[in-house]
Each structure stands twice: as structure tokens, then as C-alpha cells.
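Here's the structure, in C-alpha cells; my notes come after.
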Amino acid sequence: MLEAAFEHPIKLIANALGVPPPAMIEMGKKHGVPAALVGAKEHAIRQVNAGVDILVAQGTEAGGHCGEVATMVLVPEALAAIKNIRDVPVLAAGGIMNGSQMAACMAMGAAGVWTGSVWLATTESETSEIFRQKMIEASSRDAVRVRSRTGKPARQLRSPWTESWERSPESPGALPMPLMSLVSENALRSVERAAAGGNDKARDLVTYFVGQGVGLVENVRSATGVVQDFKSEFLEAVERMNALLDDE
């Protein structure tokens with residue numbers, strides 16, 4: 001997979017769910033910049049010692065596989081943990097949906113942010129129109145951290161699928177990774193097809209990886225619109241902070 005990836009003009013390769021093997025670090029440094037996603041300060045220490053060039057501190061608010069520590073706590077923890085090891089840029093991730101949040105993360109010391117869920121509600125997204133509409137309808141509490149899609153804790157949109165697997169007394173429980181995906185992926189693709197065909201019960205079942213920031217989604221925008229909004233919101237947040245200093 002690494003060899004196939006590096007046949008393309010990629011600029012970064014990121015590793016999650018464990019410390020990357022030395023071969024991956026070596027290939028990353030040869031072809032670009034190796035990065036790693038971490039969810040706890042001890043993960044940050046191991047990744048930096050392994051040789052990654054960028055660290056992504058991903059809080060539990062994030063969509064997909066995530067840990068248990070919130071972004072607001074994890075980012076300064078990770079920065080403090082690696083301070084005396086090596087100078088590695090830390091990107092904040094998890095629940096970041098607008099420019100004011102980006103400014104807040106950079107105020108904590110992050111070099112920038114790594115975003116995911118905000119792009120799912122764009123016209124260019126791989127998600128279906130049905131899922132995008134469900135994102136608009138959802139609250140932040142509808143992004144649940146469960147094992148019923150991959151076998152590992154992954155945050156996704158609540159649906160009868162997640163509820164039945166996680167809460168029903170008749171549920172056999174999730175299989176370990178990667179076996180759970182063999183159960184879920186084909187079934188959920190069938191759900192998407194049925195929902196697109198107008199099946200209301202299938203629409204209820206539609207789910208996908210998404211973070212708690214889903215509660216901030218108000219409409220579907222273009223990717224360009226997201227970028228422009230981030231820029232203006234970031235500037236407004238910085239101006240508010242500067243105004244606080246001026247008041248002093």
C-alpha cells in the first residue's frame with residue numbers, strides 16, 4: 001500500500017492506530033513528510049521518538065477512530081510531552097469546524113489544525129445527499145463513539161444500526177477489527193442504495209463517520225466556501241483577542 005501511495009505525487013502520509021514501522025518512516029522521509037495521529041500524550045512521545053515529522057493531536061470529538069481525551073486537553077498535553085524530545089509541529093484535530101476554533105487551537109500552541117467532518121457537508125464530499133441532510137439535522141450528541149462499524153471505537157452518526165449493535169440485549173457485540181468491517185460495510189452500502197431509492201427505513205439506518213462538530217453544520221457548502229469562511233472567522237477571532245489586549 002505504501003509503494004502504491006508513493007507512486008502518486010502525494011505531499012504527506014499519515015499513520016494512525018499505532019506507531020508506524022521504521023520502513024514507513026524511512027519511505028515517508030524519502031518521498032515527503034511522515035505524520036501520525038495520536039489520541040494521548042504517551043502516543044505523542046512514542047510517535048516523536050519513532051521519527052515522525054508532524055504530529056496530529058486528535059481529540060475524542062473527532063469522527064472515525066478516536067481516543068477518549070478532549071482536544072482542549074490533548075493539544076497542550078501533547079505539546080508539553082514532546083517539548084524536551086524534539087521540535088515537531090503539532091496540528092490540533094477533533095471537532096474543529098470553523099475559523100474561531102482554529103484560532104483557539106493555535107492560541108494553545110498548535111501549528112495549525114487538521115479537519116475532517118467539516119468537509120463531509122460539502123458538495124464535493126464522498127458522502128451521499130441523504131447523509132449530508134442528516135448532518136444538518138443532527139446534534140453534537142448524535143455523533144456516538146461505538147465499535148459497530150470497524151470493531152474499534154469510532155465516532156459516527158447515531159442510527160438504528162449503531163443503537164441495535166451497541167444497546168440491544170439481543171446484540172452479539174461487535175467483532176474485533178478487521179472482522180467487523182466484513183459484517184458492516186456491505187450491509188451499509190446496501191442501506192445507502194435503498195435509501196437513495198426512496199426507502200424511508202433505510203434512510204433512518206444511514207450512518208457514516210462524523211465528529212461531534214456535526215452539531216455546528218447548518219447547511220451544505222462548497223469546499224471553497226468552507227475555506228473562505230475559515231479565513232474570515234479566523235481573522236475575526238484574532239481581532240477579538242487583540243481587542244482584549246487593547247482594553248488592558
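The values are calculated or read from the model by the stated rules, or taken from the named source; none is laboratory data. Keep in mind that this is a model prediction, so the values were computed, not measured. Heads up, the Cβs are rebuilt from the backbone with ideal geometry, glycines too, and the neighbour counts pull from every protein chain shown. With ligands, DNA and RNA removed, areas are computed over all heavy atoms of the protein, side chains included. Shrake-Rupley method; radii C 1.70, N 1.55, O 1.52, S 1.80 Å.
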In whole percent, and with a 1.4 Å probe on the protein chains, what portion of the accessible area of the stretch 111-248 is carbon and sulfur? 52
Go through [x] -0.35, -1.37; [y] -0.37, -1.18; [z] -0.31, -1.42 and flag the label whose value is the computed log10 I(q)/I(0) by the Debye sum over Cα atoms at q = 0.08, 0.17 Å⁻¹ for this structure. [x]
Taking only protein heavy atoms and a 1.4 Å probe, the highest-to-lowest accessible-area order of ASP246, ASP204, ASP229, ASP87 is ASP87, ASP246, ASP204, ASP229
Place the peptides 163-169, 54-60 in order of packing, highest mean first, counting for every residue the other Cβ atoms within 10 Å and averaging per peptide. 54-60, 163-169
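So, for the chain, what is the accessible surface per residue at a probe of 1.4 Å, expressed in square angstrom?
For the chain, the per-residue accessible area is 54 Å².
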In the chain, what % of DSSP beta bridges are antiparallel (nearest 5)? 30
Per the helix-only calculation at 222 nm, which mean residue ellipticity applies to the chain, given -39500 (n - 2.57) for every DSSP H run of n ≥ 4 and division by its residues, nearest 500 deg cm²/dmol? -13500 deg cm²/dmol
Taking 0.36 nm per residue of separation between ALA5 and ASP247 and subtracting their Cα-Cα distance, the length gained on full extension comes to 82.0 nm
By the Cα gyration tensor axes a ≥ b ≥ c (a/c under 1.5 gives rounded; else a/b larger than b/c gives prolate, otherwise oblate), the shape of the stretch 157-197 is oblate
Take a quick pass over the chain and tell me how many lysine pairs come in under 23 angstrom between Cα atoms, counting only ones 8 or more apart or on separate chains. 7
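Are there DSSP H segments in the chain that both extend 20 Å or more along their axis (alpha-carbon positions) and score a mean Kyte-Doolittle hydropathy of at least 0.0? List them, or say none.
Those that clear 20 Å and a mean of 0.0 are 179-196.
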Relative contact order (%) - the chain, alpha-carbon pairs under 8 angstrom, separation at least six: 18
The chain - charge dipole about Cα centre, Lys and Arg +1 at Cβ, Asp and Glu -1, debye rounded to 20: 720
Whole-number percent relative contact order across the stretch 1-128, with pairs defined as alpha carbons under 8 Å at least 6 apart: 18
Please give, to one decimal in nm, the separation of the simple spin-label points placed at SER171 and ALA196, each 7 Å out from Cα toward the Cβ. 2.8
Take the chain, connect every pair of alpha-carbon atoms lying under 10 Å apart with a spring to form a Gaussian network, then pick out the residue of THR207, THR115, THR123 with the largest mean-square fluctuation. THR123
Fluctuation leader among HIS43, HIS31, HIS65 - the chain, Gaussian network, Cα springs under 10 angstrom: HIS31
Using amide H atoms built 1.01 Å from N in the peptide plane, name the residues 5+ places from VAL146, or on other chains, whose amide H lies under 5 Å from its own. ALA154, ARG155, GLN156
Apply 1/(1 + (r/R0)^6) to the Cβ-Cβ distance of LYS231 and ALA70, taking R0 = 22 Å, and write down the FRET efficiency to the nearest 0.05. 0.30
Could you check which residue among ASP200, ASP142, ASP53 shows the biggest mean-square fluctuation in a GNM of the chain with a 10 Å Cα cutoff? ASP200
